[in-house]
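Enquirer: Structure incoming, see below.
The values are calculated or read from the model by the stated rules, or taken from the named source; none is laboratory data. Since the structure is predicted, the reported quantities are computational estimates derived from the model, not experimental observations. Don't worry about glycine lacking a Cβ; one is built from the backbone with ideal geometry, like all the others, and counts go over all protein chains shown.
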Amino acid sequence: MGILKEVEVYMTDGSQERLVPLLMAYQEAVDTSIISSITDVKGTIIHVNQRFCEVSKFSRQELLGQDHRIVNSGFHPKDFLKKMWKTIGKGGVWHGEIKNQAKDGSYYWVDSVIVPIKDLSGKPVQYLSLRTLISERKEKEERDREDQVNAMEEMLFKISHELRQPVVKILGLSDLIDHSLSSPKDLKIIIDGIKESAVMLDNHTRELAKFVHKIRNEQDLEGGA
């Protein structure tokens, strides 16, 4: 049963005295785990909870009257924020991940939901933002990406190094064909050498393809987790 349904039940069965403790419990739960704020339609902050202050390291007095540019990290392109404002300005709910900057210069990531608070005509008059801290997950994702890039660089270095030998051999053998009148026996040796080098090239390219496929599967698994 959701909070609104519970409130409705308490209001209709004469249990209003139970409503205040219920709302206080929900408020305590939100303040403990959720970073919340309310702005007017221009984006001016008119309410923040204690969790917002703790994470951003700004005091309530420093935040009230400002807009969320006070914690803007500069990480996201302007188009990202324009789309967000376009969505909530039309009365829609926006959901996304945002990288913010605290007062001390440190960065933190939040999973953010912005919900328009509307008047009776359906027009947004305020915006409620609810955020959960996801910095640890984003840091892990970044470490995983770095590991994948390092692994890819090592594999490419290995493949490029190992490919030189058969390529050089093929070029040398081809040069012999172009500039010499070899006997059938010599030609067979040259052709066998080219075939051997071609097999080496094929093996190395298959190894690279398997590696790329493995990386792609790992990314797919992480995306579906």
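Enquirer: Being of a type outside the set (Asp, Glu), touching a strand residue (DSSP E or B) at 6+ places or on another chain (Cβ under 7 Å) and at pLDDT below 95 narrows it down to one of 81, 64, 133, so name that one. It would help to see each step written out before you state the result.
Expert: Working: 81 fails: touching a strand residue (DSSP E or B) at 6+ places or on another chain (Cβ under 7 Å); 64 fails: at pLDDT below 95.
From the options 81, 64, 133, the qualifying one is 133.
Enquirer: Check residue 103 against each of (1) modelled with pLDDT of 95 or more; (2) loosely packed, with under 14 Cβ neighbours inside 10 Å; (3) of a type in the set (D, E, K, R) and name the one condition it does not meet.
Expert: The number of the failed condition is (2).
Enquirer: Of the residues 106, 129, 135, which single one is of a type in the set (S, T, N, Q) and either under 22 Å from residue 41 (Cα atoms) or in contact with an Asp or Glu (Cβ under 7 Å, 6 or more places away or on another chain) (or both)?
Expert: Values: 106 fails: either under 22 Å from residue 41 (Cα atoms) or in contact with an Asp or Glu (Cβ under 7 Å, 6 or more places away or on another chain) (or both); 135 fails: either under 22 Å from residue 41 (Cα atoms) or in contact with an Asp or Glu (Cβ under 7 Å, 6 or more places away or on another chain) (or both).
Exactly one residue qualifies, and that residue is 129.
Enquirer: Would you check which residues across region 31-63 are β-branched (Val, Ile, Thr), in a helix (DSSP H, G or I) and within 20 Å of residue 97 (Cβ to Cβ) and list them?
Expert: 55
Enquirer: On to the next question. When you go through (1) of a type in the set (Gly, Ala, Ser); (2) within 17 Å of residue 133 (Cα to Cα); (3) touching a residue at least 12 places away in the same chain (Cβ under 8 Å) one by one for residue 105, which number turns out not to apply?
Expert: That leaves (3) as the condition not met.
Enquirer: On to the next question. Are there any pairs with C-beta distances below 6 angstrom linking a residue in region 86-100 that is over 18 Å from residue 42 (Cβ atoms) to a residue that is of a type in the set (A, V, I, L, M, F, W, C) and surrounded by 13 or more Cβ atoms within 10 Å (Cβ to Cβ), with the two at least 6 apart or on different chains, and if so which?
Expert: Short answer, once both residue conditions are applied: 93/115; 95/113; 98/110; 99/109; 100/71.
Enquirer: Right, next: I want to confirm something. Restricting to region 64-91 and keeping residues that are of a type in the set (A, V, I, L, M, F, W, C) and closer than 30 Å to residue 121 by Cβ, which single residue is surrounded by the most Cβ atoms within 10 Å (Cβ to Cβ)?
Expert: 88
Enquirer: Within region 125-155, can you find the residues that are of a type in the set (Val, Ile, Thr) and either free of Cβ contacts under 8 Å to residues at least 40 places away in the same chain or touching a helix residue (DSSP H, G or I) at 6+ places or on another chain (Cβ under 8 Å) (or both)?
Expert: Selection gives 132, 134, 149.
Enquirer: Which ones in region 34-60 are at positive phi and either touching a strand residue (DSSP E or B) at 6+ places or on another chain (Cβ under 8 Å) or loosely packed, with under 14 Cβ neighbours inside 10 Å (or both)?
Expert: 43
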